[in-house]
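What follows is a short report on a single structure.
The values are calculated or read from the model by the stated rules, or taken from the named source; none is laboratory data. The shown structure was predicted, so the numbers you read here are calculated from the model rather than taken from an experiment. Here the Cβ positions follow ideal geometry from the backbone for every residue, glycine too, while neighbour counts run over all protein chains shown.
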Amino acid sequence: MPVQTSKPRFVKIAVPCPLYKTFDYRLPATFGDRAIQPGVRVRVPFGRQKLIGIVIEEVSSSDVPANKLKPVTAVLDENNLLGDDILKLLLWAARYYVHPLGDALQTALPVFLRSNDDATPALNEYWRLTQPATEEIQQSLKRAPKQQQLYQLLHAAAEKGLDTDALNARIENWRAPLRALLEKQLIESFTRPALLTSQNKSHKAPTLNDEQIEAIKNIEAHRKQHAVHVVNGITGSGKTEVYLALCEAMLADGKQILVLVPEIGLTPQLTQRFLERLNASIVILHSAMNDKQRYAAWHAAANGQARLVIGTRSSVFTPMPDLGLIIIDEEHDGSYKQQDGFRYNARDLAILRARNRNIPIVLGSATPSLESLNNINEQRYHAHFLKQRANKKPLPKIQLINLCSQKLYEGLADGLLAKIRQHLDAQGQVLLFINRRGFAPLLMCHDCGWTTSCQRCDAHMTFHKRRKQLHCHHCGSQRPAPENCDDCGSDNILAIGAGTERIEHFLQERFPQTQVSRIDRDSTRNKGTLQEKLDKAHSGESGILVGTQMLAKGHDFPNITLVCVLDTDQALFSADFRAAEHLAQLITQVSGRAGRAEKAGEVLIQTHHPDHPLLQTLLHSGYPAFAKAALQERAAAGLPPIHHLVLLRCESVNASAAPAFLQQAADLAKQIELKDIDLFGPIPAPMERRAGRYRHQIMLQSKQRKNLHRLLNWWVPQLQQLPAARKVRWSIDVDPYDTF
């Protein structure tokens, strides 16, 4: 009797590579008749490598003969680790953002799962009592005080137990007594994810005002269906209290909650607020965690142990089986847009995820993006306005300081310095905002005019005095600061302009009795430094804060009474079409740090252009009036959010290769009818040379997204075939956040 052979089985797999396609593989005969789910990880041969790919679907046949298909080396998971909703979201996102599917899926996976076959998370070890504590046991430990102390601590912790971090914080040299208690079988070890839970729920909800109550009531009315809610509240209006009230209701219904924040620096403060008020297990997710910690938190959310996730951009892809609410804090922030690789917008994908799950999503901001405001105007989003501060105090008074013809001290006007002294004498804190790190933007020879330019970028190198180095903040190049001019040899080198380091140094000399604290990316590199500086700011130990955008949003410093914005002029005349929106949001956000408690606040803005329309509008009518005018300007210019953009970005080491490729791309696009699409370029990027590469781009503009995607679906496969494509790096950026 002839031996029956089982019918070959084929799967389409997304492999992490820059190709816009999936690849067919054979399932090995040893896999038998077992079902294989989409979303399962598999290890496959790919060229000379063995990579971890994702199964997209099982198919009955392949265009490639079965005997020529490579077999799957190993099936790593029994079930789809991402979950059906995340897989669906990623399949859509890869199409919408025109990005290779395999790379998009890899971006969504924790780093741990991209390189490890075993999906078992590294869990924290905890210890707890094996039986209820008795007086007899307590007495038996009297002669071993360390064991008795540890036993009492574990008794107080009850079933939760204590982990290494908790024991380190509570008792010295605990390992020997712990071993002794284990040998006596009085305690036992167990593992679980590092979930955050509040030890003391003593913080009660404050009395809410009518606007907050109305917002909560209206959002709760849609709690079991999809709707996008924009909580447009002025700074200090209590948006977080609205979030907390909504979370309490969702947790009571047994739902999970995803909270996205734009920056790592905002997670500790927000997490603390949530821990103080919510009876829930919380995990945080951001890039400062190591791979094992991040995967353990991700896994806890995926299996339902964590009921609330607070994370940055990529947390939008966290599987949560009981998800009932998504909150996007500071929804206007550009950090939600990934600027390289898979160029997705986490805010927009979160809205789509909420729609797919039929759940509500809340976008919170004092300065909503023009996209969100336009959607409110089009009645796609629900708006909830919080027009008064929670403490009923007025918004801070804003004044412009005209710098023209004034004598400046390291960029600071006399009037501003006098105000700083006045507020310090009144026991207030002062915040100075300047969006420029380092000591000075450049060094210049006073004799011949030579400047410290980056050899790899069309930019100057910033002088960092404390390290005596020059840094390029665009490509990361560093070199020692010169003592003599490279051109003429003169030692008459001047530091031109001011950055956070220079302002900090000057103010510490000017106000020696006051502690000056600088908060920027350079001063907070070491682990724990940022939280330490924020704690000193909250306690009032630091009287003057100098910082960049890290200080501008989300933080609540109750004793700050004066905010000074030092440099706005550069953004007033930027070539980027979003620059005015960013500046208006930044000024409004940083101004909102003043006067958030009992003391009245004041805001000073230094400028050489006090009559500029943007500043005058913000001064007299506020952000809503600016946004209304900006939307009208965008409509007239055919710019987002009224029209839609796509950038074809290209860069090359050779100065002529990028424009040559883009010209071929433009000629290719013009071969078909560009229905209602405008094509601009090739043109150099605003910074033409960066990190040693020449950068050019083509812009596509249309009122209809579907027209742009119809072109892209035909165009991108053709671009891959162009001979010039091999000599350049190119990428598609759908809905670009900037044109830089």
Next on the checklist: Please count how many residues of the stretch 57-91 are closer than 27 Å to Arg353 by Cα and surrounded by 15 or more Cβ atoms within 10 Å (Cβ to Cβ).
Outcome noted: 13
Item to check | Residues of the stretch 526-570 that turn out to be free of Cβ contacts under 8 Å to residues at least 24 places away in the same chain and not in a loop (DSSP other than H, G, I, E, B), as a count | outcome: 8
Next on the checklist: Quick check on the stretch 614-631. Is at least one of its residues in contact (Cβ under 8 Å) with a residue 60 or more places away in the chain, surrounded by 21 or more Cβ atoms within 10 Å (Cβ to Cβ) and among the aromatic types (Phe, Trp, Tyr)?
Outcome noted: yes
Item to check | Test set (1) under 27 Å from Ile86 (Cα atoms); (2) not assigned by TED's automatic domain parsing to the domain that holds Ala346 - Lys204 fails condition number | outcome: (1)
Checklist outcome for this item: Taking the stretch 584-601 and the residues there that are closer than 18 Å to Ala366 by Cα and charged (D, E, K, R), the one that is modelled with the lowest pLDDT would be Arg596
Checklist entry - Looking at Gly304, is it at positive phi and either in contact (Cβ under 8 Å) with a residue 24 or more places away in the chain or in contact with a strand residue (DSSP E or B) (Cβ under 9 Å, 6 or more places away or on another chain) (or both)? => result yes
Checklist entry - How about the stretch 668-686: which of its residues are touching a Lys or Arg at 6+ places or on another chain (Cβ under 8 Å) and buried (at least 16 other Cβ atoms within 10 Å of the Cβ)? => result Leu679, Ala685
Checklist entry - Looking at Lys142, is it surrounded by fewer than 18 Cβ atoms within 10 Å (Cβ to Cβ) and touching a Pro at 6+ places or on another chain (Cβ under 6 Å)? => result no
Checklist entry - So how many residues does the stretch 346-388 have that are touching a helix residue (DSSP H, G or I) at 6+ places or on another chain (Cβ under 7 Å) and either more than 24 Å from Thr235 (Cα to Cα) or assigned to a helix (DSSP H, G or I) (or both)? => result 11
Checklist outcome for this item: Residues in the stretch 270-288 that are over 13 Å from Val309 (Cα atoms), in contact (Cβ under 8 Å) with a residue 40 or more places away in the chain and in contact with a Ser or Thr (Cβ under 7 Å, 6 or more places away or on another chain) total 1
Checklist outcome for this item: When (1) part of a loop (DSSP other than H, G, I, E, B); (2) under 29 Å from Ser731 (Cβ atoms) are applied to Leu90, the one that fails is (1)
Item to check | Hits in the stretch 420-456 - residues which are among the charged types (D, E, K, R) and either in contact with a Gly (Cβ under 8 Å, 6 or more places away or on another chain) or at pLDDT below 85 (or both) | outcome: Arg436, Arg437, Arg456
Item to check | Single match in Val55, Val42, Val11 (criterion: in contact with an Asp or Glu (Cβ under 7 Å, 6 or more places away or on another chain) and part of a strand (DSSP E or B)) | outcome: Val11
Checklist outcome for this item: Within the stretch 259-315, of all residues that are closer than 19 Å to Ala245 by Cα, among the basic types (Lys, Arg) and at pLDDT below 90, the one surrounded by the most Cβ atoms within 10 Å (Cβ to Cβ) is Arg277
Checklist entry - Counting only residues that are of a type in the set (Lys, Arg) and modelled with pLDDT of 90 or more, which one in the stretch 49-85 is farthest from Phe112 (Cα to Cα)? => result Lys70
Checklist entry - Hey, among the residues in the stretch 112-130 that are over 24 Å from Leu182 (Cβ atoms) and among the polar types (S, T, N, Q), which one's surrounded by the most Cβ atoms within 10 Å (Cβ to Cβ)? => result Asn116
Next on the checklist: Considering only residues that are touching a residue at least 12 places away in the same chain (Cβ under 8 Å) and out of contact with any His (no Cβ under 9 Å at 6 or more places or on another chain), which ones fall in the stretch 459-474?
Outcome noted: His460, Lys468, Gln469, His473, His474
Next on the checklist: Suppose the filter is among the aromatic types (Phe, Trp, Tyr), crowded, with 17+ Cβ neighbours inside 10 Å, more than 25 Å from Ala580 (Cα to Cα) and over 27 Å from the mean Cα position of the chain (by Cα); does Trp730 pass it?
Outcome noted: no
Checklist entry - Which of the residues that make up the stretch 401-457 are assigned to a loop (DSSP other than H, G, I, E, B) and more than 29 Å from Thr524 (Cβ to Cβ)? => result Leu403, Cys404, Ser405, Gln406, Lys407, His446, Asp447, Cys448, Gly449, Trp450
Item to check | Residue tally, condition under 27 Å from the mean Cα position of the chain (by Cα) and under 13 Å from Gln478 (Cα atoms), over the stretch 432-458 | outcome: 2
Item to check | strands (runs of 3 or more DSSP E) enclosed by the stretch 207-288 - at least 2 residues per element that are under 22 Å from the mean Cα position of the chain (by Cα) and more than 24 Å from Asp322 (Cβ to Cβ) | outcome: 227-233
Checklist outcome for this item: Of the residues in the stretch 300-342, those that are more than 27 Å from Ala221 (Cα to Cα) and of a type in the set (Val, Ile, Thr) come to Thr312
Item to check | Selection within the stretch 356-404 - under 27 Å from Leu90 (Cβ atoms) and among the polar types (S, T, N, Q) | outcome: Asn356, Asn358, Ser365, Ser369, Ser372, Asn374, Asn375
Checklist entry - Looking at Ala440, Ala418, Ala426, which is the one that is surrounded by fewer than 16 Cβ atoms within 10 Å (Cβ to Cβ) and touching a Lys or Arg at 6+ places or on another chain (Cβ under 9 Å)? => result Ala426
Checklist entry - Got a sec? Which strands (runs of 3 or more DSSP E) wholly within the stretch 645-740 have at least 2 residues that are free of Cβ contacts under 8 Å to residues at least 24 places away in the same chain? => result 677-690
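Quick grid of which residues meet (1) small (Gly, Ala, Ser); (2) in the same structural domain as Arg347 (by TED's automatic domain parsing); (3) closer than 15 Å to Ala194 by Cα:
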{"site": "Lys255", "(1), (2), (3)": "no, yes, no"}
{"site": "Arg273", "(1), (2), (3)": "no, yes, no"}
{"site": "Asp291", "(1), (2), (3)": "no, yes, yes"}
{"site": "Arg294", "(1), (2), (3)": "no, yes, yes"}
{"site": "Ala306", "(1), (2), (3)": "yes, yes, yes"}
{"site": "Ile328", "(1), (2), (3)": "no, yes, no"}
Checklist entry - Applying the selection to the stretch 465-477, what residues are surrounded by fewer than 20 Cβ atoms within 10 Å (Cβ to Cβ) and closer than 14 Å to Phe439 by Cβ? => result Lys465, Arg466, Arg467, Lys468, Gln469, His473
